[in-house]
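**Q** Got a structure for you, questions after.
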Amino acid sequence: MRQIFRMRVHNTPNPISKELLRHAPFTAFGAITGIGIMFLTIPLSPNTSGRIFYTLHPIHVLLSALVTTGMYRLYKGKGVSVFLIGYIGSVGIATISDILFPYLGGILLGAEMEFHLGFIEKWWLVNPLAVLGIAIAYWKPTTKCPHAGHVLLSTWASLFYLTAFGSATNWSLLLPALFFILFFSVWFPCCLSDIIFPLLFVRESNSKL
C-alpha cells in the first residue's frame, strides 16, 4: 500500500486533484447517509443532538489523528513535528469540518446558529483522544480504514452540529441544501487533513520508503 500510494503521489501531474476526485463519491455517499439520519432524527431535542455531536466529534478527531499522523509517519516523519502535524491536522481541521463549515452553512440557510469549539468546551475529551491517535499512529501508522470511518463520522458530526446548535423553522424543507453543506463540510477538509496537510511537510528525500 505504501508503494502504491507513493507512486500515485509522485508520478501523477495533479495528485491533490486526483485524490479530491477519488474521494468525492464516498463523501457524497456519506452526505446521503447524513441526510437519511437527519430525516429520522429531526424530532430529537437540541440537547440530545448536542450529546450525539460530542460523541461523534471526539471520535472523528481520534480517527483523523490516526490518519494524519500515519500518513506523515509513512513518509518517515519523526520527532516533535509528528505531534504538531498530527494535532493540527486532526483537531484544527476537524474543527473546520465539524464546526466552522456547518456553522457558516447554517447561517447561509437562515438558521440561528450558536458557535461552539469542541477542543475548548470538551478539552478533557477531545485533546486526549487526539494525543492517543497520534501515539498509536507513531508506532503503527495506517491510513486506509481510519480514513473511511473518518469521512462518515465527520459527515454525521457536521449534521448533529447543525441540529444541536442551530434553530431553523423546518429542517426538513432544507434537506436538499443540507446535502451540499454536508458534502463540502467533509470533502475538502477531510482530504486536507488526511492527505494534503501531512504531505506538505514531507521532504523528497523522506519519500523513499
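The values are calculated or read from the model by the stated rules, or taken from the named source; none is laboratory data. Bear in mind the structure is a predicted one, so any value in this text is a computation, not a measurement. Heads up, the Cβs are rebuilt from the backbone with ideal geometry, glycines too, and the neighbour counts pull from every protein chain shown.
**Q** Tally up the residues in region 88-113 that are under 16 Å from Ile52 (Cβ atoms) and either over 13 Å from the mean Cα position of the chain (by Cα) or of a type in the set (Asp, Glu) (or both), please.
**A** 1
**Q** Then there's this: Report whether or not Ile120 is surrounded by fewer than 20 Cβ atoms within 10 Å (Cβ to Cβ), modelled with pLDDT of 90 or more and assigned to a helix (DSSP H, G or I). Working first, answer last.
**A** Values: surrounded by fewer than 20 Cβ atoms within 10 Å (Cβ to Cβ): yes; modelled with pLDDT of 90 or more: yes; assigned to a helix (DSSP H, G or I): yes.
So Ile120 fits the description; yes.
**Q** Evaluate the following for Val131: is it aliphatic (A, V, I, L, M), in a helix (DSSP H, G or I) and in contact with a Gly (Cβ under 7 Å, 6 or more places away or on another chain)? Steps first, answer last, please.
**A** Working: aliphatic (A, V, I, L, M): yes; in a helix (DSSP H, G or I): yes; in contact with a Gly (Cβ under 7 Å, 6 or more places away or on another chain): no.
It is false that Val131 is aliphatic (A, V, I, L, M), in a helix (DSSP H, G or I) and in contact with a Gly (Cβ under 7 Å, 6 or more places away or on another chain).
**Q** Give me the pairs, please: first residue somewhere in region 60-81 and in contact (Cβ under 8 Å) with a residue 60 or more places away in the chain, second residue anywhere and aromatic (Phe, Trp, Tyr) and part of a helix (DSSP H, G or I), beta-carbon distance under 7 Å, and either six or more positions apart or on two chains.
**A** Hits for this filter: Thr68/Phe197; Thr69/Tyr138; Arg73/Tyr138.
**Q** I need the full set of residues from region 194-209 which are at pLDDT 75 or above, within 18 Å of Val80 (Cα to Cα) and part of a helix (DSSP H, G or I), in order please.
**A** Selection gives Phe197, Pro198, Leu199.
**Q** Output the residue which, of all residues in region 45-81 that are more than 16 Å from Lys140 (Cβ to Cβ) and among the hydrophobic types (A, V, I, L, M, F, W, C), is nearest to the chain's Cα centre (by Cα). Show your work before the answer.
**A** First, the residues of region 45-81 that are more than 16 Å from Lys140 (Cβ to Cβ): 45-61, 64, 79-81.
Checking which are among the hydrophobic types (A, V, I, L, M, F, W, C) leaves us with 52-53, 56, 59, 61, 80.
On the way: Ile52: 16, Phe53: 13, Leu56: 11, Ile59: 10, Val61: 7, Val80: 23 Å.
Among residues in region 45-81 that are more than 16 Å from Lys140 (Cβ to Cβ) and among the hydrophobic types (A, V, I, L, M, F, W, C), the one nearest to the chain's Cα centre (by Cα) is Val61.
**Q** Confirm whether Thr163 is touching a helix residue (DSSP H, G or I) at 6+ places or on another chain (Cβ under 8 Å), in a loop (DSSP other than H, G, I, E, B), of a type outside the set (D, E, K, R) and touching a residue at least 12 places away in the same chain (Cβ under 8 Å).
**A** Numbers: touching a helix residue (DSSP H, G or I) at 6+ places or on another chain (Cβ under 8 Å): yes; in a loop (DSSP other than H, G, I, E, B): no; of a type outside the set (D, E, K, R): yes; touching a residue at least 12 places away in the same chain (Cβ under 8 Å): yes.
No; evaluated as a whole, the condition is false for this residue.
**Q** Take the residues in region 175-187 that are surrounded by 19 or more Cβ atoms within 10 Å (Cβ to Cβ) and of a type outside the set (Val, Ile, Thr); name whichever of them is farthest from Ser97 (Cα to Cα). Give the derivation first.
**A** So the first thing to find is which residues in region 175-187 are surrounded by 19 or more Cβ atoms within 10 Å (Cβ to Cβ), and the list is 178, 181-183, 185-187.
Pick out the ones that are also of a type outside the set (Val, Ile, Thr) and you get 178, 182-183, 185, 187.
Details: Leu178: 14, Leu182: 9, Phe183: 10, Ser185: 5, Trp187: 9 Å.
Among those residues, the one meeting the criterion is Leu178.
**Q** Given the residues Ala137, Ala94, which is the only one that is in contact with a Lys or Arg (Cβ under 8 Å, 6 or more places away or on another chain) and crowded, with 22+ Cβ neighbours inside 10 Å? Full working, then the answer.
**A** Numbers: Ala94 fails: in contact with a Lys or Arg (Cβ under 8 Å, 6 or more places away or on another chain).
The match here is Ala137.
**Q** Still on this model: What pairs come out if I take residues in region 38-54 that are within 18 Å of Ser154 (Cα to Cα) and pair them with residues that are of a type in the set (Ser, Thr, Tyr) and surrounded by 14 or more Cβ atoms within 10 Å (Cβ to Cβ) whose C-beta lies under 6 Å away, six or more apart or interchain?
**A** Final answer for the pair search is Ser49/Thr163; Phe53/Tyr161.
**Q** Regarding Leu84, is this residue without any contact (Cβ under 8 Å) to a residue 24 or more places away in the chain, farther than 13 Å from Tyr161 by Cβ and under 18 Å from the mean Cα position of the chain (by Cα)?
**A** On the way: without any contact (Cβ under 8 Å) to a residue 24 or more places away in the chain: yes; farther than 13 Å from Tyr161 by Cβ: yes; under 18 Å from the mean Cα position of the chain (by Cα): yes.
Against the criterion (without any contact (Cβ under 8 Å) to a residue 24 or more places away in the chain, farther than 13 Å from Tyr161 by Cβ and under 18 Å from the mean Cα position of the chain (by Cα)), Leu84 qualifies.
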